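First the structure, in the form of structure tokens, and then the observations on it.
The values are calculated or read from the model by the stated rules, or taken from the named source; none is laboratory data. Remember, predicted model here, so these are calculated numbers, not experimental data. With ideal geometry, Cβ positions are generated from the backbone for all residues, glycine too; neighbour counts draw on all protein chains shown. Just so you know, the surface numbers come from the protein's heavy atoms only, side chains and all, with ligands and any DNA or RNA stripped out. Shrake-Rupley method; radii C 1.70, N 1.55, O 1.52, S 1.80 Å.
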Amino acid sequence: MKNSVVKLMAVVALSTSLFTSCSSDDDNNKPSSTFVADPANFTGEINDGEVVLDASKVYKLTGKIQVNSGATLTIPAGTVIEGIGGTKSYIAVAQGGKINVNGTAAKPVIMTSGLTTKAPGNWGGLVLCGKAPINRVSGGASTAQSEVADLTYGGTISNDNSGSIKYLRIEYAGATFNGDKEFNALSFFGVGSGTTVENVQAFHGSDDGFEFFGGSVNTSNLVAIGNEDDQFDWTEGWNGTNTNWYGKIDFGKGNRGIEADNFEFGYAYTPIANPTITNMTLIGPGSAADASIYKENQGIKFRRGTKGLITNVVLSGWSTGVDVENDETIAFVGTALKVTGVKFTDVPAQTKGKKTDGTSANVAAVATELTTATGAGNGTAAPSWATGWSVGF
């Protein structure tokens, strides 16, 4: 009797083990998302789970990819995504969604044009929308709709996490809807400090390279070369800590190295834009460049009430180095707004100021000169941290 019971228990145990094993295998084989990525027609909305792309394939971005709340898009090292649909082709991460770009220096992720003739504006770009504060309503508790992708951004979560972006090159982005609305290479809308942004290049886009619309995202090792408006731009109360920025006007077009606002319709709205940047190089078209092409030949433009602290800077080839505009901005000069340790080369007007009423102001205290400044690491030359994954120096 005891032997029969033992045998029965053994059979039950074996059956349970087999059932558990099969159930586990079935769970492991289930797709992690209902979205299926088609490399030949990469478009659609990712609503659940994680979609992991295949680095051995080239993804033709025929329309928008939108990563919605609760979903994740993961892009392995060496993956190439080619936009071929103008304003229809872009990647957007909605509030609560995440993107993980897992490039390396040897194998960066490349988002580029898939058209035969590659040119600025061939496709949209990358848009991140987070829940960190913006100042479109003073006090920072507001939300808004992004000017591209039409997604909600802003909120009260400063450390909101939209994912991780490492070793990414964005080329020929910036498709234009109209004279007032166009993509940047990479747009941060209310993106929080829980998001990682390291080693990213914006190359030959038709608008700005990087633009920050509020939020608190931090960055390191950004390269912006040949974008046809500003290389870097911030507004709507962005506060972030940044190291190693390199920007260069190229390709026969361009505006400023940095265009910095607090908020266009509320110069004193809070939170006041107040980023810090350590180690930065901005290269212009030359101080005597054709003014009909380079209408705003300025290394850094501070206006509309922004603050900002920038340290160890190289400014080369600009008609004006640091330009400060509006009474609210001028009030911060030398305290909450200053560029410390600047090496000026071919910059005849190091500083320039203009009050809100249009009269000039002395803003010399906004910048202190340091002839040994190294900027992004190697003066005007390519910094060592940009080796292998960035282009255009």
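In the chain, the portion of solvent-accessible area held by carbon and sulfur atoms comes to 51 percent [1.4 Å probe, whole percent, DNA, RNA and ligands not counted]. Contact order for segment 292-333, expressed relative to its length and based on alpha carbon pairs under 8 Å spaced 6+ residues apart, stands at 52 percent. Loop-located GluC sites (Glu not before Pro) across segment 71-175 with a Cβ neighbour count of 15 or fewer within 10 Å are lacking, with loop assigned by DSSP.
Converting phi to 3J(HN,Hα) with the Karplus coefficients 6.51, -1.76 and 1.60 and the offset θ = phi - 60°, segment 189-206 yields 9, x, 7, x, 6, x, 8, 9, 9, 9, 6, 10, 10, 10, 10, 6, x, 8 Hz in sequence order, with x at every glycine or proline.
For Gln350, the residues 5 or more places off, or on other chains, whose built amide H falls under 5 Å of its own are Gly321.
Rg and Dmax of the chain, based on Cα coordinates, read 24.3, 106 Å. Classified by the C-alpha gyration tensor, segment 141-230 has an oblate form. Its axis ratio a/c, with a ≥ b ≥ c, is 1.5 or above, and a/b does not exceed b/c.
When only alpha carbons of segment 204-336 are considered, Rg and Dmax amount to 13.7, 38 Å. Entry note, segment 31-151: relative contact order of 20 percent, from Cα contacts under 8 Å with a spacing of 6+ residues. Residues whose amide H comes within less than 5 Å of that of Ile46, counting only those at least five positions distant or on another chain, are Gln66, Val67, Asn68 (H built at 1.01 Å from N in the peptide plane). The C-alpha atoms of the chain define a longest principal axis, and helix 2-29 lies at about 30 degrees to it.
Over the chain, Cα pairs under 8 Å with separation of 6+ residues give a relative contact order of 10 percent. Computed over every Cα-Cα pair of segment 65-224 and binned at 5 Å starting from 0, the pair-distance distribution P(r) comes out as 2, 10, 20, 23, 22, 14, 6, 2, 0, 0 percent.
Within segment 82-212, antiparallel bridges make up roughly 10 percent of the DSSP beta bridges whose residues both belong there.
Return the percentage of antiparallel bridges among DSSP beta bridges fully within segment 224-376, rounded to the nearest 5 %.
Working: 3 of 47 bridges.
Just about 5 percent of them are antiparallel.
When exposed loop sites are taken as trypsin sites (Lys or Arg not before Pro) in a DSSP loop with at most 15 other Cβ atoms within 10 Å, the longest stretch of the chain clear of them is 119-294.
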